[in-house]
Amino acid sequence: MIKRIKLILIVCLLIFAKLVCIAFADFSGQVVGVIDGDTLDIMYDGKAVRIRLSGIDCPEKGQAFGQRAKQYASDLAFGKTVTVREVGTGGFGRTSGKIILSDGRILNCELVRAGLAWWARQYAPNDKELEALENEARVAKVGLWADADPVAPRQWRKDGKKNSNEGKQNAISYYQSIHEAAGNGDIAAIQRYLQQHGGSVHVKNSQNETLLMWAAAQGQLDMVKFLVDRGADFHARTKADKTLPGGKVVVDGYTALFFAANNGHLEVVKYLVDKGADPNAINVEDGATPKKLAWIGGHMDIVEFFRSRSP
């Protein structure tokens, strides 16, 4: 009996060792989905494997630069074959690794270099390259470091939970928090802002983002309806119109519909389109459309909805 138990233990250990080797082996595959700036879906062995980029933390979808980080990662990696190295288990038990692009650059590093990701000290305390790249981006004030007081995603998530638990009893009096309230769907907080502080539903933050954009990005349908009913402009964009030589006006930037489609919020997309939001709007800088962003993010229900509305 003892010999049998020992044999079973040996077999189990061998199987476990094999699984560990597989889990931590490098592999290459096509990027078929960009969930956000630091999370990709990569094809491996016939199925999509979700990989969290190790050592970095991109702004959340509801944060300033969250959308830019996702678009930047998409531009560099979506549809391309990459190599995943040093795969392990990162924060929240997720599979993580470094993403090596076809030209040899490391996507993790490129995001930090562009000021679109923080160096995640708690998970990669000894990564001197990420540390140096973040310091360079801070000094150059590129990306999120252009803000006077950028909030780390980890702190933003923590504050968001705290605010949600406390019900945001205090009236909101500064723009960043107003937008966070919209993203959290806290209609009462927005009402206090409008009534007690004479605020406007058209207010924009330092990234030219409206309350409606934040609500749409987080799929807060009731908040979206609340804001639209009070005159929020769903045609507003994250960039001002440009007048070219000769007088031609170029409309650029993302609308609330872009944010909703990008993050997979079908009901918000339907509502905005029914209200008159333009599903064919184009962001001139990168050629993105709501449909394209939905496709990149793997939100095929939204892609099909846009197709069904095409003439």
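The values are calculated or read from the model by the stated rules, or taken from the named source; none is laboratory data. Model, not experiment: these values are computed from the prediction. Don't worry about glycine lacking a Cβ; one is built from the backbone with ideal geometry, like all the others, and counts go over all protein chains shown.
Here are the numbers for the structure shown:
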read-out: Subset of segment 242-264 that is touching a strand residue (DSSP E or B) at 6+ places or on another chain (Cβ under 7 Å) and at pLDDT below 85 - its residue that is nearest to Ala216 (Cα to Cα); value: Asp252
read-out: Positions within segment 299-311 being within 12 Å of Ala261 (Cβ to Cβ) and in a loop (DSSP other than H, G, I, E, B), in sequence order; value: His299
read-out: Qualifying residue in segment 47-67 (condition: part of a helix (DSSP H, G or I) and buried (at least 23 other Cβ atoms within 10 Å of the Cβ)); value: yes
read-out: Every pair of residues 6+ apart whose Cβ atoms lie under 7 Å, when the first sits in segment 265-291 and is over 13 Å from Leu221 (Cα atoms) while the second is among the charged types (D, E, K, R) and surrounded by 15 or more Cβ atoms within 10 Å (Cβ to Cβ); value: Pro279/Lys291; Asn283/Asp252; Val284/Asp252; Glu285/Asp252
read-out: Filter result for Tyr123 (touching a residue at least 60 places away in the same chain (Cβ under 8 Å) and either in contact with a Phe, Trp or Tyr (Cβ under 9 Å, 6 or more places away or on another chain) or more than 24 Å from Phe259 (Cβ to Cβ) (or both)); value: yes
